[in-house]
């Protein structure tokens, strides 16, 4: 786009427009328009702006948020499919419908919970009880239902531990 003569070969399907030709608008004006469109799209689909633009600074939280918000549209598609095939139009119009509880959709990293799991196990919860808390399947073994207290939480009197 310099003042020197140049040739650019374009097919008839494309037009070449000099965005800086008119002094009333600059590239920054177009950037603001693009940001406005992006904000509208993110708002329409309930995507937080920091996830939409990738500006969240803490990587682990951004990944969790992305997983959380990217699953929601698929649940809507699944709900629509259930309502169309299982419920039917007449019952749906009467108010009967299948709805998922999406309030608990979030990414969970078991390593982030390791300290809490260790505290539960050390204060007397069995392995199967902690698995139930985390939504993991139960283990069909006798040892998984045993309770151990590995922390010194008992009351000490006279140098001996009671409890």
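Distance between the pseudo-spin-label points of residue 34 and residue 5 (7 Å out from Cα toward the beta carbon): 3.3 nm.
Which peptide among 120-132, 26-38 comes first, and what is the full order, when sorted by highest mean count of other Cβ atoms within 10 Å?
Packing order, densest peptide first, comes out as 120-132, 26-38.
Contour minus end-to-end for residue 145 and residue 133, with contour as 0.36 nm per residue of separation and end-to-end as the Cα-Cα distance?
Working: separation 12, 0.36 × 12 = 4.32 nm, distance 1.40 nm.
Full extension from residue 145 to residue 133 adds 2.9 nm.
Sorting the segments 66-72, 133-139 by their mean number of nearby beta carbons within 10 angstrom, highest to lowest, gives 66-72, 133-139. Each peptide in 83-94, 45-56 was scored by the mean count of other Cβ atoms within 10 Å over its residues; highest first, the order is 45-56, 83-94.
The alpha carbon gyration tensor of the range 108-153 gives principal lengths a ≥ b ≥ c with a/c of 1.5 or higher and a/b no greater than b/c, which makes the shape oblate. Work out, step by step, the length gained on full extension between residue 119 and residue 87: first 0.36 nm times the residue separation, then minus their alpha carbon distance; give nm to one decimal. Full extension of this stretch gives 7.0 nm more.
Any read-out appearing in this document is the output of simple, stated calculations on the displayed coordinates, not a laboratory observation. The model shown is predicted, which means the values in this text are computed figures rather than measured ones. Methodologically, a virtual Cβ is constructed for each residue, glycine included, from the backbone with ideal geometry; neighbour enumeration extends over all protein chains shown.
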